[in-house]
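The values are calculated or read from the model by the stated rules, or taken from the named source; none is laboratory data. Note that the structure is a prediction, hence the values are computed from the model and not measured. Every residue, glycine among them, receives a Cβ derived from its backbone with ideal geometry; neighbour counts consider all protein chains shown.
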Amino acid sequence: MKINIKNMVCNRCIMVVSQIFKDAGIPTENVQLGTVTLKNDLQPEVLEKINARLKTVGFEIINDAKSRLIEKIKAISIDYVYQRNEENKLNFSDYLVAQLNLDYPYLSSLFSSVEGTTIEKHLIHLKIERVKELLVYDEKTLSEIAWEMGYSSVAHLSGQFKKVTGFTPSYFKKLGEQKRTSLNDV
């Protein structure tokens, strides 16, 4: 049985959701961003109890197909930004189509109608949050961060960063971590 869960955005979310199922005595096969695969089916009343527990920590079981697809788009976006490697140097729209095997215009229209923003803007905000994180860690230069995040230049990254945050990357770095946003809120 596969259960789709809303608001899972990081490895810590995976740990929390795994622990909820473990505490309930429900064996899982796999827990990843947005989904939990169970070894056995659950009775509806057990599923409701799990959902109530998930809601106390900011998660929720998703039952309708459109919401599941939106959550998949978000999970793929997060994975694309945070696990960037040579394989996904593809244009994000092509990457998303390859992952979901659905037309991009449909995905874009659905996402915009439900979320009130475009997939592109959502991706930009995710990338900027990742840049903020990398700036706070202070382990890479701005040039290295720009390259890692797929920007054509430091100037392009800096311009987009300022447009989204209102700060230059160097000024943000001086401010530190207090200006970061949770991925749930992106």
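With respect to residue 71, determine if the residue is among the acidic types (Asp, Glu) and either touching a helix residue (DSSP H, G or I) at 6+ places or on another chain (Cβ under 6 Å) or modelled with pLDDT under 85 (or both).
On the way: among the acidic types (Asp, Glu): yes; either touching a helix residue (DSSP H, G or I) at 6+ places or on another chain (Cβ under 6 Å) or modelled with pLDDT under 85 (or both): no.
No, not satisfied.
Could you figure out which of (1) modelled with pLDDT of 85 or more; (2) farther than 26 Å from residue 13 by Cβ isn't true of residue 135?
(2)
So if I check each of 62, 20, which one is at pLDDT below 90, within 26 Å of residue 73 (Cβ to Cβ) and over 15 Å from the mean Cα position of the chain (by Cα)? It would help to see each step written out before you state the result.
Working: 20 fails: at pLDDT below 90.
Result of the check over 62, 20: 62.
Could you please let me know if residue 81 is hydrophobic (A, V, I, L, M, F, W, C) and closer than 20 Å to residue 13 by Cβ? Talk me through it step by step, then tell me what you get.
Values: hydrophobic (A, V, I, L, M, F, W, C): yes; closer than 20 Å to residue 13 by Cβ: yes.
Answer is yes for this residue.
Output the number of residues of segment 13-28 satisfying the condition of being free of Cβ contacts under 8 Å to residues at least 12 places away in the same chain and of a type in the set (Gly, Ala, Ser).
1
Would you be able to say whether some residue in segment 26-38 is at pLDDT below 90 and at positive phi?
Yes, the conditions are met somewhere in segment 26-38.
Report yes if residue 97 is aliphatic (A, V, I, L, M) and in contact (Cβ under 8 Å) with a residue 12 or more places away in the chain, otherwise no.
Details: aliphatic (A, V, I, L, M): yes; in contact (Cβ under 8 Å) with a residue 12 or more places away in the chain: no.
When the stated conditions are applied, residue 97 does not pass them.
Would you point out the residue of segment 31-44, among those that are under 25 Å from the mean Cα position of the chain (by Cα) and over 15 Å from residue 79 (Cβ atoms), that is surrounded by the fewest Cβ atoms within 10 Å (Cβ to Cβ)? Write out each step before concluding.
The first filter runs over segment 31-44 and keeps only residues under 25 Å from the mean Cα position of the chain (by Cα), leaving 31-38.
Checking which are over 15 Å from residue 79 (Cβ atoms) leaves us with 36-38.
Values: 36: 24, 37: 12, 38: 16.
Out of the qualifying residues, it is 37.
Of everything in segment 45-80 that's in a helix (DSSP H, G or I) and of a type in the set (Asp, Glu), which residue is surrounded by the fewest Cβ atoms within 10 Å (Cβ to Cβ)? Reasoning before the result, please.
Here is the first cut: in segment 45-80, the ones in a helix (DSSP H, G or I) are 45-56, 65-80.
Add one more test, that the residue is of a type in the set (Asp, Glu), and what stays is 45, 48, 71, 79.
Values: 45: 8, 48: 12, 71: 21, 79: 16.
If we take residues in segment 45-80 being in a helix (DSSP H, G or I) and of a type in the set (Asp, Glu), then 45 is surrounded by the fewest Cβ atoms within 10 Å (Cβ to Cβ).
Based on what the data block shows, is residue 130 over 17 Å from residue 7 (Cα atoms) and either in contact (Cβ under 8 Å) with a residue 40 or more places away in the chain or in the same structural domain as residue 8 (by TED's automatic domain parsing) (or both)? Outline the logic, then answer.
Values: over 17 Å from residue 7 (Cα atoms): yes; either in contact (Cβ under 8 Å) with a residue 40 or more places away in the chain or in the same structural domain as residue 8 (by TED's automatic domain parsing) (or both): yes.
Against the criterion (over 17 Å from residue 7 (Cα atoms) and either in contact (Cβ under 8 Å) with a residue 40 or more places away in the chain or in the same structural domain as residue 8 (by TED's automatic domain parsing) (or both)), residue 130 qualifies.
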